Every structure is written in structure tokens, then in C-alpha cells.
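Following: one structure in C-alpha cells, then a few remarks.
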Amino acid sequence: MGKTAGLLAPVFIAAFIFILNTLLPGRWVTGYVTRLNSNDKLRYHLNGLQVFFTVILVWFLLGYFNVVPFEWLYIYRWYCLSGACLSGIIFSLAVVMQYPPVSNSFVSDLFFGRIENLQFRGGLADAKMWLYLTGATMLELNALSFTAHHLMRYGNQTSAGIILSTTLLTYFLIDYLIFEEVHLYTYDLFAERVGFKLGWGCMVFYPYFYSVFLWSTVDLPDPHTPSWLLCLYILIFFCGWILSRGANLQKYFFKKDPGGPFLSIVPESISDGNNSLLVNGFWGISRHINYSGEILMASGIILCTGYPTLIGPWLYPLYYVVLLFARQRDDDKRCTLKYGELWKVYKKRVPYRIIPFIY
Ligand code: NDP
């Protein structure tokens, strides 16, 4: 019974998130991406934070009233992972097969997707935003259940580092949802299509791989990391957050109002008459300082678990290195095509790709 429920849980939770996404009140915002063959920008109904907290509240109430143990998602984690894998594949196939090919290869179409933007009822739900919300909420549920398991197993010998790493991950997810609108201005929204990479990625990889540091450490005893070291890890996380959130917000405000200051940084830009690019503030340090920030945040989170010599927790920031270094190259190609000579000028002006003075 529990095993079948474990297999089905990811589908039910994803469906529940979809229902909440469409039913709960939200803000209607105009995005950055335009409709196909039109200059009209897509509209989005954003209520990620409300959906996230509603699901967490349901998880808490089920645990509190002994309906579903707090650690249930940990106990049945392999079944949930299998169910998520299967539903991620079915979802990707179902979406991709509805639309005409965009390449000569079905495998490529399946992986990258065919449709750029898939909306339900004029944006009441948007496939990409729902997928990211599902990934974020499911990741939080996993983190809470895994931490609950650690607490139940170790009682008063609980590791402060596990609590701290889950708290930082929660902060990271809530921060994403607070700034959900900023996400509309990112690569995921304007350059990705809805296929296996995004569908399976959000339904499986995001919730089950991003928690790899907890999979690797919740069954281990408290490593008694000194407080000063935990403070250092928190500092690493927040340095990363400043770089990532700061850069993303600076660009977001620039796209909305190219002359308006952000955190009293007056934007300095270069222009070819048609397009303009920021060259100061976060965007003057490196061309993707936000990627450095993301890697630092992940490193801060996993270091808190207190097992810096284990390989498992490091898989999370290492994955970011692989993903973001490759994405920088793709984005560079896209920007070279879009901005032409202006991009060359920007590259001369801001020579470092991701890590200032190193890369
Ligand atoms: P960016 O936010 O860096 O977006 C790149 C785009 O920004 C470019 O294609 C270009 O698009 C525009 N741009 C680039 N340089 C400038 C400039 N100087 N001035 C103005 N516009 C510029 O990258 P992503 O969208 O990839 O990432 C967004 C955030 O999401 C990052 O913080 C990243 O770390 C994070 N992220 C998180 C992941 C996770 O799993 N947690 C995964 C991937 C990313 P345009 O055509 O609009 O001008």
C-alpha cells in the first residue's frame, strides 16, 4: 500500500499544485517573452508563494494529526523517485507529441521540446512556471521530510548543520518564489522549450537531485561542526545570494526601466541604437556573476551538513558548475547572434565570463 502510494505521490502532488496554481488568487503580470509571431507579451498568473505555503501547511497538518508521518517522503523516497521518473517521461512525451517537429530528430525534439510556451486559459497556469513551482515545492517537501527523519532518528543528538542546511535551502526556494516575476526574464523562459529537459528536469531532477546533500547525510550522526565554521558557511551562502539576486534584480529593473537606478546604482549601458547592455554594477564584474553566486549558495548549503569530505553533498554545487558553465557558452552564442557588434564591445569591456579575474 505504502509502496504504491509512494509511486503515485509525485503525480498527486504535481496535480494538487496545478489545481492550487489555477484556483488560488494571484498577481497578473506581463512577462518578457512574446507570443509566437507577435509582439504581444505573454501574461502570467503568479501565486507561487501561496501555493508553496499551502502545500507545506497540508504536509504539516497531515503529520501533526498522524495521518501521514512527517518522514513519509523519506521512507518511500525510492518509490517516489521512481514514480516521479515515470510521470516525468509520460508528461514529456504527452507534451512533445502534440506539436509538429522542430528538428529532424525525434530524440532531440523530445529532449528539448517543441512548443516554446504552453499556457492554460490565457496564462492562468503556465507550463514552465508550474513545472518550476512543482520542482521547488517538491524539493522543499523532500528536504522537510528528510530532516524530520534525521530529527526522529537522532532526537537530542540532532545535527544543527542539517537543520541549518535545510533552512538555507528553504530560504533559497522562498527567495525564488518572492521574486517569481524576475524569473520571467531569464533564459529558462525565453530560450527553453517544454520537453524532457524541462519537464523531467523539474519533476525529477530538481526535487530529487538538489536534495542529494540530505540523501547523503541525514542518516549520519552530528559531526559537531564548530559554530564559527557554520557561520562561515552561512556567510558563503549569503555572499552568493547577494551576487545572484543582486545581478538578477539589476537586470530585471534595467529591462523594465533602462534609466532607473537599482539600489542607488545608476545604470551605465552601451547601446547600438536598437539594443543596450548594462556594463556597471553586478554586470560590470563578470558577464555572469549571478552564476558564481548560484554556485556559492549551493556550496554554503552543502557545507553546513558538516561532511566536507563526502562526495555526495558536493554533487549539488558540482552540477551547477557543469550546467552553468555550459549555459554561459550557449548564452554567449545567443547574445552574439542577437547583439552582434555590441556584444563584442561588451565582452571587451567586461572580459570575465563567470568568475572575476579567473574565468
Ligand atoms: P542571465 O540572467 O544571466 O540571463 C542571460 C540573458 O540576460 C542574456 O541572454 C541576455 O538576454 C541578458 N543579458 C546578458 N548580459 C546582459 C547585460 N549586460 N545587460 C542586459 N542584459 C543582459 O542568465 P539565466 O537566465 O541563465 O539565469 C538567471 C538566474 O537563474 C541566474 O541567477 C542563474 O544562476 C539562475 N539559475 C538557477 C538554476 C537553478 O537550478 N537554481 C538553474 C539555472 C539558472 P536578453 O536577450 O534578454 O538581453
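The values are calculated or read from the model by the stated rules, or taken from the named source; none is laboratory data. Note that this is a predicted model, so its numbers are computed, not measured. Using ideal geometry, Cβ is built from the backbone for each residue, glycine included, and neighbour counts are taken over all protein chains shown. Surface accessibility is based on the protein's heavy atoms, side chains included, excluding ligands, DNA and RNA. Shrake-Rupley method; radii C 1.70, N 1.55, O 1.52, S 1.80 Å.
See the values below:
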quantity: Over 21 Å between alpha carbons, listed pairs Lys251/Lys347; Lys41/Lys255; Lys197/Lys338; Lys197/Lys256; Lys128/Lys344; Lys255/Lys338; calculated: Lys197/Lys338; Lys197/Lys256; Lys128/Lys344
quantity: Charge dipole (the chain, unit charges on Cβ, about Cα centre) - positive-most of Leu310, Asn248, Leu62; calculated: Asn248
quantity: Cα centroid separation, segment 81-114 to segment 242-266 (Å); calculated: 36
quantity: With DNA, RNA and ligands ignored, accessible area of Val102 (1.4 Å probe; Å², nearest 10); calculated: 80
quantity: For Ile115, residues with placed amide H under 5 Å, excluding near neighbours; calculated: Val194
quantity: Charge tally in the Cβ shell below 14 Å around Phe237, where Lys, Arg are +1 and Asp, Glu are -1, Phe237 excluded; calculated: -1
quantity: Lys/Arg +1, Asp/Glu -1 at C-beta; the chain dipole; positive extreme among Gly2, Phe112, His45; calculated: Phe112
quantity: Charge dipole magnitude, Cβ of K and R +1, D and E -1 - the chain, Cα centre, debye nearest 20; calculated: 720
quantity: Residues in segment 263-295 reached by a label modelled at Lys347 [backbone nitrogen below 14 Å; 7 Å Cα→Cβ]; calculated: 287-288
quantity: Phi to ³J(HN,Hα) by Karplus 6.51 cos²θ - 1.76 cosθ + 1.60 over segment 315-325, Hz, x for Gly, Pro; calculated: 4, 5, x, 5, 4, 4, 4, 5, 4, 7, 5
quantity: Placed amide H near Arg43: partners under 5 Å, 5+ positions off or other chain; calculated: Gly31
quantity: Nitroxide proxy distance, nm - points 7 Å out along Cα→Cβ at Tyr359 and Leu337; calculated: 2.4
quantity: Rounded Å value of the spacing that divides the Cα centres of segment 319-357 and segment 16-75; calculated: 33
quantity: Candidate residues Ile115, Ile242: accessible-area rank, largest first, probe 1.4 Å; calculated: Ile242, Ile115
quantity: Residue order for Glu180, Glu116 - accessible surface, 1.4 angstrom probe, largest first; calculated: Glu116, Glu180
quantity: Pairwise FRET efficiency - Ser269 versus Asn39, Cβ, R0 = 25 Å, nearest 0.05; calculated: 0.65
quantity: Under the Karplus curve 6.51 cos²θ - 1.76 cosθ + 1.60, θ = phi - 60°, whole-Hz ³J(HN,Hα) for segment 126-137, x wherever Gly or Pro sits; calculated: 10, 4, 5, 5, 5, 4, 5, 5, 4, x, 5, 5
quantity: With DNA, RNA and ligands ignored, accessible area of Arg327 (1.4 Å probe; Å², nearest 10); calculated: 40
quantity: Relative contact order for the chain, counting Cα pairs under 8 Å that sit 6 or more residues apart, in percent; calculated: 17
quantity: Rounded to 10°, Cα long-axis angle of helix 160-178 versus longest principal axis of the chain; calculated: 40
quantity: Residue-by-residue Karplus 3J(HN,Hα) for segment 338-347, coefficients 6.51, -1.76, 1.60, Hz, glycine and proline x; calculated: 6, 9, x, 4, 4, 5, 5, 5, 4, 5
quantity: Dipole magnitude of segment 28-124, debye to nearest 20 (Cβ charges: Lys/Arg +1, Asp/Glu -1, about Cα centre); calculated: 200
quantity: Modelled FRET efficiency - R0 35 Å, Tyr64 with Lys255, Cβ distances, 0.05 increments; calculated: 0.20
